[in-house]
Amino acid sequence: MEEKKYISICKALSDANRMKIFNLLLKNDLCAFEILKHLDCSQPTLSYHMRLLVDSGIVEAHKQGLWMHYNIDKDVLREFSRYFDKEQTLERE
């Protein structure tokens, strides 16, 4: 993964609402309606947050019926986590 991708994910997770969404999605795949129940924001604001998370690559989106459904991309999360792994960081130096 390129460094730009790591920066994009960090930026996407640098907001309290997006961190809350990320933590919800770590537990379950959810539709936008379910995510909205946990946040104090409008649907357009949720769409903005979800677009940033999806564009970063850490979250995947797919449409089912009327609602968008979201899940964490486990492969991207694994690779992102490895980047911050102490041993991996030391090996790059």
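The values are calculated or read from the model by the stated rules, or taken from the named source; none is laboratory data. None of these values were measured; they are calculated from a predicted model. Cβ atoms come from the backbone with ideal geometry, glycine included; neighbour counts cover every protein chain shown. SASA here: full protein model, heavy atoms, side chains in, ligands and nucleic acids out. Shrake-Rupley method; radii C 1.70, N 1.55, O 1.52, S 1.80 Å.
For the range 6-47, a tally of residues being under 26 Å from Ser81 (Cα atoms) and out of contact with any Lys or Arg (no Cβ under 8 Å at 6 or more places or on another chain) returns 29.
Of the candidates Leu39, Leu25, the single residue that is under 20 Å from Glu79 (Cα atoms) and open to solvent by less than 30 Å² (accessible area, probe 1.4 Å) is Leu25. Beta carbons closer than 8 Å, at least 6 apart along the sequence or on distinct chains, pair a first residue in the range 77-93 that is at pLDDT 75 or above with a second that is among the hydroxyl-bearing types (Ser, Thr, Tyr) and surrounded by 10 or more Cβ atoms within 10 Å (Cβ to Cβ) for Phe80/Tyr6; Tyr83/Tyr6; Tyr83/Thr89. Evaluate the following for Lys20: is it in a helix (DSSP H, G or I), surrounded by 13 or more Cβ atoms within 10 Å (Cβ to Cβ) and either more than 15 Å from the chain's Cα centre (by Cα) or of a type outside the set (Gly, Ala, Ser) (or both)? Spelling it out, Lys20 is indeed in a helix (DSSP H, G or I), surrounded by 13 or more Cβ atoms within 10 Å (Cβ to Cβ) and either more than 15 Å from the chain's Cα centre (by Cα) or of a type outside the set (Gly, Ala, Ser) (or both). The number of residues in the range 27-73 that are over 17 Å from Cys10 (Cα atoms), among the charged types (D, E, K, R) and assigned to a loop (DSSP other than H, G, I, E, B) comes to 2. Collect the residues in the range 1-49 that are under 22 Å from Gln64 (Cβ atoms), among the aliphatic types (A, V, I, L, M) and touching a helix residue (DSSP H, G or I) at 6+ places or on another chain (Cβ under 7 Å), keeping them in residue-number order. Within the range 1-49, Ile21, Leu24, Leu30, Ala32, Ile35, Leu36, Leu39, Leu46 qualify. Checking each residue in the range 62-73 for being surrounded by 14 or more Cβ atoms within 10 Å (Cβ to Cβ) and either among the basic types (Lys, Arg) or within 13 Å of the chain's Cα centre (by Cα) (or both) picks out His69, Tyr70, Asn71, Ile72, Asp73.
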